[in-house]
Amino acid sequence: MKLLAIETATEACSAALWLDGDIHERFEFAPRRHTELILPMVDSLLAAAGLRSADMDGFVYGCGPGSFTGVRIATGVVQGLALAADRPVVAVSTLAALSQTLIEHDQPVLAALDARMDEVYWGCYLPADSGMQLQGAEHVCSPETVPLPETRQWLAAGSGWYSYAERLRARLPALDITVVADVWPRAAASVALAARNWTAGRVLTAAQARPTYLRDRVAQVKQST
């Protein structure tokens, strides 16, 4: 199985190849340079492996939540590659990818990305044999209203913990939380999760690829009530 993944929903930019279980990645922390960097990263990975995009079995994109522009970049690039190669795609949550980067610690993860507008993108993930698994649902909300997870030891990661650490800790006083610094969603984590989804048949056509905008979805729900 050969998969190509792109993750550009945060300040970090990355692409990764899954080649029958071996993962190869290009990664750079590069705010506002994703459009400039992502295609050269893809070309570099494919050239190093002696492959073309048409050789891929499928393509993977970090569907968000995250920067609206960044999520659209990943969705658009993967959609274009998949259409050209006539291959399916797999969508992977950016919060899941963030959590998956810490899978070797075998601990649950409180993933929080700065959503701006005084809010965070929030998800609680538990380790499993097949990768990090979402507990409940992902949310966009203020730090004071993040859903309360069960009491246990947690790792915490993501830009939300840089921007709102005191407010998040005040919301979660009963939890034993260790913040892991300098952790970003990465395409290597996305492609590892995507391989699980691929095996389970959870794939989309290129035309079905859509970003995940938690804030938009919440707004639509409020308008309909």
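The values are calculated or read from the model by the stated rules, or taken from the named source; none is laboratory data. Model, not experiment: these values are computed from the prediction. A quick note on method: Cβ atoms are made from the backbone with ideal geometry, for glycine too, and the neighbour counts reach across all protein chains shown.
Given Glu36, Glu7, which one is under 15 Å from the mean Cα position of the chain (by Cα) and either loosely packed, with under 15 Cβ neighbours inside 10 Å or in the same structural domain as Asn197 (by TED's automatic domain parsing) (or both)?
Glu7
With over 14 Å from Pro185 (Cβ atoms) and touching an Asp or Glu at 6+ places or on another chain (Cβ under 7 Å) as the only criterion, which of Met41, Met1, Met56 stands out?
Answer to the check: Met1.
Where the second residue is charged (D, E, K, R) and assigned to a helix (DSSP H, G or I) and the first is assigned by TED's automatic domain parsing to the domain that holds Gly66 and lies in the range 189-215, which pairs have Cβ atoms under 9 Å and are six or more apart or on separate chains?
Listed pairs, sorted by first residue: Arg202/Arg196; Pro211/Arg72.
Name the residues in the range 118-136 that are of a type in the set (A, V, I, L, M) and either touching a residue at least 60 places away in the same chain (Cβ under 8 Å) or touching a strand residue (DSSP E or B) at 6+ places or on another chain (Cβ under 8 Å) (or both), would you?
The answer is Val120, Leu126, Met132, Leu134.
What about Val77, is it buried (at least 20 other Cβ atoms within 10 Å of the Cβ), in contact with an Asp or Glu (Cβ under 8 Å, 6 or more places away or on another chain), touching a residue at least 12 places away in the same chain (Cβ under 8 Å) and aliphatic (A, V, I, L, M)?
When the stated conditions are applied, Val77 does not pass them.
Can you list the strands (runs of 3 or more DSSP E) found entirely within the range 114-225 that contain at least 3 residues being buried (at least 17 other Cβ atoms within 10 Å of the Cβ) and in contact with a Leu (Cβ under 8 Å, 6 or more places away or on another chain)?
The qualifying strands (runs of 3 or more DSSP E) are 119-126, 133-141, 153-157.
Consider Asp182 carefully, then state whether it is of a type in the set (D, E, K, R), modelled with pLDDT under 95 and either within 15 Å of Ala111 (Cβ to Cβ) or in the same structural domain as Ile23 (by TED's automatic domain parsing) (or both).
Criteria met by Asp182.
How many residues does the range 51-109 contain that are at positive phi and basic (Lys, Arg)?
Residues meeting the conditions: 0.
Taking only the range 169-197 into account, find how many residues are more than 21 Å from Arg26 (Cβ to Cβ) and either of a type in the set (Phe, Trp, Tyr) or more than 21 Å from the chain's Cα centre (by Cα) (or both).
Total satisfying the criteria: 9.
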